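Participant: Sharing a structure below in structure tokens format, with a few things to ask.
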Amino acid sequence: MMNQYFGELTFDCGWTTKRNIHLFDKNYEIEVYLLAYKSEREILAVQDDACRTYLENEKENLACMEKLLLDYSDDAALRFTPSSLYFDRDGGCALLCDDEQDLDEGIAVCILPEKSVEYQSDYL
């Protein structure tokens, strides 16, 4: 499926594609993931709006994510590795990160609808 914001998406337990982001002076290739059920072949309007909002403010969003991560942990640049940008069915958006100090539990840096950091298991 072609998406006006993220380009070509493929369906694999949700709509996915790859994207490069710049965080803590490093480049990362991450997965962009839009949650969807198998029977849904369209991206929900609220997800489409979240994609637009994220991309229109991507530079500011990444700066905000860096600040949230640093507020959460002083060694955030070394501790957390971004893995995916996740768009929920309710329009929520979070950057999911692996945690070097807790390999079983990553964190979610939420930017839509509110800014926060929480455990991935709580977010997902």
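The values are calculated or read from the model by the stated rules, or taken from the named source; none is laboratory data. Here the structure is a predicted model, which is why all the values come from computation and not from measurement. FYI the Cβ positions are ideal-geometry reconstructions off the backbone, even for glycines, and counts take in every protein chain you see. Please note that ligands, DNA and RNA were not included when accessible areas were found on the heavy atoms of the full protein model with its side chains. Shrake-Rupley method; radii C 1.70, N 1.55, O 1.52, S 1.80 Å.
Participant: Estimate the FRET efficiency between residue 104 and residue 37 by the formula 1/(1 + (r/R0)^6), using the beta-carbon distance for r and 25 Å for R0, to the nearest 0.05.
Facilitator: 0.40
Participant: What ranking, highest mean first, results for peptides 57-69, 87-99, 9-21 when packing means the other Cβ atoms within 10 Å averaged over each residue? Provide the component values of the computation, followed by the final result.
Facilitator: On the way: 57-69: 16.1, 87-99: 19.9, 9-21: 14.5.
In decreasing order of mean packing, 57-69, 87-99, 9-21 become 87-99, 57-69, 9-21.
Participant: Can you list the lysines whose alpha carbon sits under 24 Å from that of residue 59, skipping same-chain ones fewer than 8 residues off?
Facilitator: Hits, sequence-local ones excluded: 18, 26, 67, 115.
Participant: Around residue 33, what is the net charge, scoring Lys/Arg as +1 and Asp/Glu as -1 over all other residues with Cβ under 12 Å from its Cβ?
Facilitator: Net charge around residue 33: 0.
Participant: If I take every Cα pair under 8 Å that is 6 or more residues apart in the chain, average their sequence separation and divide by the length, what percent do I get for the relative contact order? Kindly include the intermediate steps, with their values, before the conclusion.
Facilitator: Values: 209 pairs, mean separation 23.6, N = 124.
Dividing the mean separation by the residue count of the chain yields 19 percent.
Participant: Also, quick follow-up: For the chain, what is the calculated [θ] at 222 nm in deg cm²/dmol (nearest 500), taking -39500 (n - 2.57) for each run of four or more DSSP H residues and dividing by its residue count?
Facilitator: -8000 deg cm²/dmol
Participant: At what distance in angstrom do the alpha carbon centres of the range 1-51 and the range 74-124 lie from each other?
Facilitator: Comparing the Cα centres of the range 1-51 and the range 74-124, I get a distance of 16 Å.
Participant: Filter the GluC sites (Glu not before Pro) in the range 89-119 down to the DSSP loop ones having no more than 16 other Cβ atoms within 10 Å, then list what survives.
Facilitator: Loop-located and lightly packed - 100, 105, 114.
Participant: Using a 1.4 angstrom probe, figure out how much accessible area the range 84-124 has per residue, in square angstrom, rounded to the nearest whole.
Facilitator: 50 Å²
Participant: Now for a separate question. Treat every Asp and Glu Cβ in the chain as -1 and every Lys and Arg Cβ as +1, leave all other atoms uncharged, and give the resulting dipole magnitude about the Cα centre to the nearest 20 debye.
Facilitator: With Lys and Arg at +1 and Asp and Glu at -1, about 480 debye.
Participant: Give me the one-decimal nm value for the distance between modelled label points at residue 11 and residue 27, 7 Å along each residue's Cα-to-Cβ direction.
Facilitator: Taking the simple label geometry, residue 11 and residue 27 are separated by 3.3 nm.
Participant: Can you pull the percent of the chain's accessible area that's carbon plus sulfur, 1.4 Å probe, other chains left in place?
Facilitator: Answer for the chain: carbon and sulfur cover 46 percent of the accessible area.
Participant: Shifting gears a bit: What net charge is computed for the residues neighbouring residue 55, neighbours being all others with C-beta under 14 Å from the C-beta of residue 55, Lys and Arg scored +1, Asp and Glu -1?
Facilitator: Once all neighbours under 14 Å are counted, the net charge is -2.
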